[in-house]
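Participant: Got a structure for you, written out below as structure tokens; questions coming shortly.
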Amino acid sequence: MTTKVILSFVVSALLLGCSPTNQDKPTTTTEPVSASETPTTVQAIKSDKDYHSYGNPDEVKVTNLALDLTVDFADKMLKGSVELDFERIKPDAKALVLDTRALNILNVSAAGKTLNYTLAEADGVLGSALTIELPATGNKVKVEYQTSPEASGVQWLTPAQTAGKKQPFLFTQAQAIHARSFIPLQDSPQVRVTYQATIRTPKELLAVMSAANDPDTARDGEYEFAMPQPIPSYLIALAVGDLHFKAMGERTGVYAESYILDAAAAEFEDTESMLIATEKTFGPYSWDRYDLLILPPSFPFGGMENPRLSFITPTVIAGDKSLVSLIAHELAHSWSGNTVTNATWRDLWLNEGFTTYLTYRIMEMVYGEKRFAMEAVLGRQDLQADIDSLPADDQIMAIDLRGRDPDAVFSNIPYEKGALFLRELEQKVGRAAFDEFLLGYFQHFAFQSITTDQFEAYLHANLVKQHSDVLSMDRINQWIHAAGVPEGAPVPESDAFTTVDQVRNAWLAGSLAAANIVNDDWTVHQWLYFLNNMPEKLSQAQLTELDAAFGLTASHNNEIAHSWLLISVNNWYEPAFTRLHEYLVSIGRNKLVKPLYKALSQTPEGKKMAQKAFAQAKDGYHPLTVKTNEVFVE
Ligand SMILES: [Zn+2]
């Protein structure tokens with residue numbers, strides 16, 4: 001997932017400053033216990049135990065799902081059934097335990113015969129365990145159920161809440177532990193399943209899934225899907241809306257509402273080149289087609305790497321391809337994350353660190369070294385902001401998440417620190433040797449879910465031993481298991497930013513007027529670097545001068561606008577506030593709105609503005625965006 005693109009380091013400082021998800025921490029959880037609750041008897045982490053699932057795959061493991069769901073927009077519910085195939089790992093196992101959250105379970109059966117089951121009391125983070133008494137023989141059970149309108153993994157949009165305004169829209173977001181809110185299943189990344197689905201929708205709408213999609217399918221309100229490769233539950237995804245398809249390349253295309261279809265296809269036209277470049281270095285693409293789905297502006301993230309069909313925010317359609325590293329990121333997940341998957345949420349850095357590293361490599365291959373260097377510097381600034389603001393334990397890549405909501409872990413640590421670690425390995429052994437290692441790693445663990453321990457053992461056997469003159473497990477342990485960034489880590493640099501620093505300094509010193517700054521050739525990255533590194537306090541005269549010279553309040557680039565609006569809030573620059581309100585009520589991407597709400601909440605006047613915007617925008621926000629930001633308007 002991309003909670004952030006590489007382009008705004010101001011955001012990350014604020015990303016985890018407050019963890020609203022912790023406020024509804026579990027009170028009834030028995031197994032996950034935070035260290036702070038038991039200071040004297042901290043248990044060692046069992047590296048292959050998933051502390052965020054009630055499932056019992058070590059006894060009975062689900063291997064396939066067959067979904068049959070009707071999408072009911074009037075009731076805001078998915079209604080139907082799932083048939084689960086399972087394997088009896090322990091032949092004498094008596095029960096199958098599934099994860100659920102806020103599901104209405106109607107019936108459980110096997111071969112037409114009703115089975116006994118119990119639904120445990122709900123835990124605030126983990127949901128309710130559904131324990132099914134297994135039949136003596138057979139390897140299938142069927143659960144009939146309905147989702148609730150408040151399902152944490154499903155967003156229902158009325159026609160008015162879409163950009164097209166004519167038809168409703170539905171999309172799911174399962175990572176980290178939200179699949180259980182729309183399917184009863186073993187909701188752990190170490191349980192991989194194939195799936196088939198029949199999805200029934202109003203006739204005029206199209207359904208798409210993280211599965212084989214047929215761009216030419218008849219639009220008749222009944223859609224069949226199959227995902228033949230085993231995937232973890234957090235990659236199961238569904239969207240339904242007034243969607244249309246446009247091809248971008250032989251294996252790539254885009255699904256979107258028609259108002260934005262052509263713009264999206266033009267913005268992301270390099271996707272096929274990215275795919276080809278990545279295959280050349282890191283091995284064949286395993287997933288047949290690679291399509292993009294453009295979601296309504298309320299999508300809470302930048303992108304989600306649902307296999308074969310990445311879900312993408314429309315806020316990166318800038319008209320100049322300046323924010324397309326997001327596509328490189330989601331595509332890279334086809335290797336790191338979707339093919340080789342983190343076994344538990346503690347191991348998230350194996351997904352995101354590798355993916356962030358690959359993103360830089362793809363951007364370098366497709367757009368050249370200059371752009372790569374700028375993005376790497378911005379990424380390093382993102383990382384530093386988190387290191388400066390997070391408690392030491394949260395700066396550890398293999399983080400202890402027991403007793404915590406995994407949604408709270410999405411800081412830059414697994415992303416940028418992970419990437420910097422891999423960059424160091426590359427620099428020490430040379431790019432050719434490191435690429436060979438990565439190619440072998442992706443092949444060795446293809447379609448497996450692995451722990452940090454497994455990675456370390458593999459790294460030792462396949463890279464450290466061969467390069468013991470430059471690599472040591474001590475240093476690697478420091479990267480993975482200690483806070484901060486080890487001394488002597490790679491330092492990204494960009495000449496393009498040196499010029500920007502000179503211009504900013506001259507302007508701040510009063511020796512260069514904004515109107516005389518010659519920067520027609522600046523890229524969006526340079527603009528962001530210019531704004532994001534301004535001193536905390538600027539005068540009204542300075543703000544007015546910048547705005548007059550560069551039209552920042554009116555910027556159509558969502559990232560530049562974000563940086564400028566944040567500066568405006570922090571310095572109470574009122575001419576930008578109408579735009580600020582429009583921005584907050586039209587975008588639900590958490591990375592872009594959360595820092596603004598947080599900054600507004602610091603003063604009583606700001607809080608009033610935040611409350612007004614939030615009240616107007618709330619119905620259109622995703623449940624995650626609501627949950628994250630409501631603390632700032634209370
Ligand atoms: Zn990601």
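The values are calculated or read from the model by the stated rules, or taken from the named source; none is laboratory data. Quick caveat: nothing in here was measured; it's all calculated off a predicted structure. In this analysis, Cβ positions are derived from the backbone assuming ideal geometry, glycine residues included, and neighbour counts consider all displayed protein chains. Note: accessible area is taken over every heavy atom of the protein model, side chains too, but ligands, DNA and RNA are not part of it. Shrake-Rupley method; radii C 1.70, N 1.55, O 1.52, S 1.80 Å.
Participant: Just subtract the alpha-carbon distance of residue 616 and residue 508 from 0.36 nm times their residue separation and send over the number in nm, one decimal.
Facilitator: Values: separation 108, 0.36 × 108 = 38.88 nm, distance 3.76 nm.
Gain on stretching residue 616 to residue 508: 35.1 nm.
Participant: Okay, next question. Whole-Hz Karplus ³J(HN,Hα) for the stretch 501-514, in order, using 6.51 cos²θ - 1.76 cosθ + 1.60 and θ = phi - 60°, x for Gly and Pro?
Facilitator: Along the stretch 501-514, the couplings run 4, 4, 5, 4, 4, 5, 5, 5, 7, x, 8, 9, 7, 4 Hz.
Participant: Moving to a separate point now. Angle between the Cα long axis of helix 590-600 and the longest principal axis of the chain, 0 to 90 degrees, nearest 10?
Facilitator: With both axes taken from Cα atoms, the answer is about 60 degrees.
Participant: Would you kindly give the portion of the calculated P(r) for the stretch 274-332 that falls above 19 Å, as a percent of all Cα pairs? Kindly include the intermediate steps, with their values, before the conclusion.
Facilitator: Details: 507 of 1711 pairs.
Of all Cα-Cα distances in the stretch 274-332, 30 percent exceed 19 Å.
Participant: 222 nm [θ] for the chain, helices only, -39500 (n - 2.57) per DSSP H run of 4+, per residue, to 500?
Facilitator: Dividing the helical sum by the residues of the chain leaves -10500 deg cm²/dmol.
Participant: Seen from all sides and averaged, what is the projected area of the convex hull of the Cα atoms in the stretch 107-164, in nm²?
Facilitator: Working: hull surface 25.6 nm².
Averaged projected hull area, Cα only: 6.4 nm².
Participant: Another question about this same structure. At R0 = 45 Å, how high is the FRET efficiency between residue 139 and residue 544 if r is their beta carbon distance? Nearest 0.05 is fine. Numbers along the way, then the final one.
Facilitator: Details: r = 71 Å, r/R0 = 1.57.
E(calc), rounded to 0.05, equals 0.05.
Participant: Taking the chain as the reference, fit the longest principal axis to its C-alpha atoms, fit the long axis of helix 604-617 to the helix C-alpha atoms, and give the angle between the two in degrees, 0 to 90, nearest 10.
Facilitator: Roughly 50 degrees, rounded to the nearest 10.
Participant: Report the normalised scattering of the stretch 297-419 as log10 I(q)/I(0) at q = 0.10, 0.23 Å⁻¹, calculated by the Debye formula with identical scatterers on the alpha carbons.
Facilitator: Those come out to -0.31, -1.48, one per q.
Participant: By what distance, in whole Å, do the Cα atoms of the stretch 514-634 stretch along each of the three principal axes, largest value first?
Facilitator: 44, 27, 21
Participant: Rolling a 1.4 angstrom probe over the protein heavy atoms, how many square angstrom per residue are accessible across the chain?
Facilitator: Numbers: 23320 Å² over 634 residues.
Solvent-accessible surface per residue comes out at 37 Å².
Participant: In angstroms, what radius of gyration and Dmax does the stretch 122-204 have, counting Cα atoms only?
Facilitator: Cα only, the stretch 122-204: 16.0, 52 Å (Rg, Dmax).
Participant: With just the Cα atoms defining each centre, how far is the stretch 528-605 from the stretch 301-368? Give it in Å.
Facilitator: 27
Participant: Ratio of Rg to Rh for the stretch 56-139, alpha carbon only, Kirkwood?
Facilitator: Details: Rg = 13.7 Å, Rh = 14.0 Å.
Radius of gyration over Kirkwood radius for the stretch 56-139 works out to 0.98.
Participant: In addition: Which ³J(HN,Hα) values, rounded to whole Hz and listed in residue order, are derived for the stretch 185-190 from phi using the Karplus coefficients 6.51, -1.76 and 1.60 in 6.51 cos²θ - 1.76 cosθ + 1.60 with θ = phi - 60°, glycine and proline given as x?
Facilitator: Per-residue couplings from phi come out as 7, 7, 8, 9, x, 8 Hz.
Participant: Here's another thing I want to ask about it. Translational D (Stokes-Einstein, µm²/s) of the stretch 415-459 at 10 °C and 1.306 mPa s when Rh comes from the Kirkwood sum over C-alpha pairs?
Facilitator: On the way: Rh = 11.4 Å.
Value of D from the Cα-based Kirkwood radius: 140 µm²/s.
Participant: With the calculation restricted to Cα positions, what are the radius of gyration and Dmax of the stretch 320-383 in angstrom?
Facilitator: Using the Cα atoms of the stretch 320-383, the pair Rg, Dmax is 12.2, 38 Å.
Participant: Now for a separate question. Cα atoms only: what Rg and Dmax, in Å, come out for the stretch 256-298?
Facilitator: 12.8, 36
Participant: OK, next. Order 188-194, 461-467 from most to least packed using the mean count of other Cβ atoms within 10 Å. Provide the component values of the computation, followed by the final result.
Facilitator: Working: 188-194: 22.6, 461-467: 14.9.
Ranking the peptides 188-194, 461-467 by packing returns 188-194, 461-467.
Participant: Still on this structure, I have one more. Return an integer: the convex hull volume of the alpha-carbon atoms of the stretch 576-634, in Å³ per residue.
Facilitator: 69
Participant: Here's a follow-up. By how many degrees, 0 to 90 and rounded to 10, does the Cα axis of helix 577-586 deviate from the longest principal axis of the chain?
Facilitator: So the helix axis and the longest Cα principal axis differ by about 20 degrees.
Participant: Using Cα centres only, tell me the gap between the stretch 128-152 and the stretch 176-217 in whole Å.
Facilitator: 16
Participant: Also: Taking every pair of Cα atoms in the stretch 464-584, average 1/r, invert it to obtain the Kirkwood radius, and report Rg/Rh to two decimals. Walk me through the numbers on the way to the answer.
Facilitator: On the way: Rg = 20.0 Å, Rh = 17.2 Å.
Using Cα coordinates only, the ratio equals 1.17.
Participant: I would also like to ask the following. Checking a compactness column here: for the stretch 441-521, what do you get for Rg(Cα) / (2.2 N^0.38 Å), N being the number of residues? Each step should come with its number before you reach the end.
Facilitator: On the way: Rg = 22.4 Å, N = 81, 2.2 N^0.38 = 11.7 Å.
Relative to the 2.2 N^0.38 Å estimate, the stretch 441-521 comes out at 1.92.
Participant: Moving on to the next point. Give me the percent of the accessible area of the chain that comes from carbon and sulfur atoms, probe 1.4 Å, all protein chains in place. Walk me through the numbers on the way to the answer.
Facilitator: Values: 11760 of 23320 Å².
Using a 1.4 Å probe with all protein chains present, the chain comes out at 50 percent carbon and sulfur.
Participant: For the chain, would you read off the P(r) tail past 47 Å as a percentage of all alpha carbon pairs? The partial results should precede the final answer.
Facilitator: Details: 24868 of 200661 pairs.
More than 47 Å apart: 12 percent of the Cα pairs in the chain.
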